[in-house]
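Derivation of every value follows stated rules applied to the coordinates shown; laboratory data play no part. Given the structure is predicted, the values throughout are model-derived calculations rather than measurements. FYI the Cβ positions are ideal-geometry reconstructions off the backbone, even for glycines, and counts take in every protein chain you see.
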Amino acid sequence: MASSKDYLSFILEQLSGLEDISYRAMMGEYILYYQGKVIGGIYDDRFLIKPTKSAEKMMPDASYELPYEGAKEMLLVSDVDDRELLSALIPAVAAELPAPKKKKR
């Protein structure tokens, strides 16, 4: 099942307080970027983020879910209505992720 454009719009609105949020459509789903780093995505109308230590600490009861068959587990952001949580969560997750790799030409 593909994710809806409406759900993407809702999540982007919830993250509108953060600068440099972008996304890329991929096979009916959406990959989310913060400051050029992949922080998670929208899969089957679920907002999933990479399971960093910060994310686990900020959402101790979050469940691990597969974005798609064969992928690594990610954390489900179940309280997508909490803008305060999201505005703290996304930068904290990004801070723990490596810089994007340079593409070879």
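Report the label-to-label distance for Ser22 and Glu56 in nanometres (one decimal), using points 7 Å from each Cα along the Cα→Cβ vector.
3.1 nm
Working out 0.36 nm times the residue gap between Glu73 and Val38, then minus their Cα-Cα distance, what length gain in nm do you get to one decimal?
11.1 nm
Given the rule -39500 (n - 2.57) for each run of at least 4 DSSP H residues, summed and divided by the residues of the chain, what is its mean residue ellipticity at 222 nm, to the nearest 500 deg cm²/dmol?
-8500 deg cm²/dmol
For Glu84 and Tyr64, what does the FRET efficiency come to when R0 = 22 Å and r is the distance between their Cβ atoms, rounded to the nearest 0.05?
0.40
When you count, for each residue, the other Cβ atoms within 10 Å and take the mean per peptide, how do 69-82, 42-55 rank with the highest first?
42-55, 69-82
What's the magnitude of the charge dipole for segment 5-96 around its Cα centre, counting Lys and Arg as +1 and Asp and Glu as -1 at the beta-carbon? Answer in Debye, nearest 20.
360 debye
What is the Cα radius of gyration of segment 5-96 over 2.2 N^0.38 Å, N being its residue count?
Compared with the compact-globule rule of thumb, segment 5-96 sits at 0.97.
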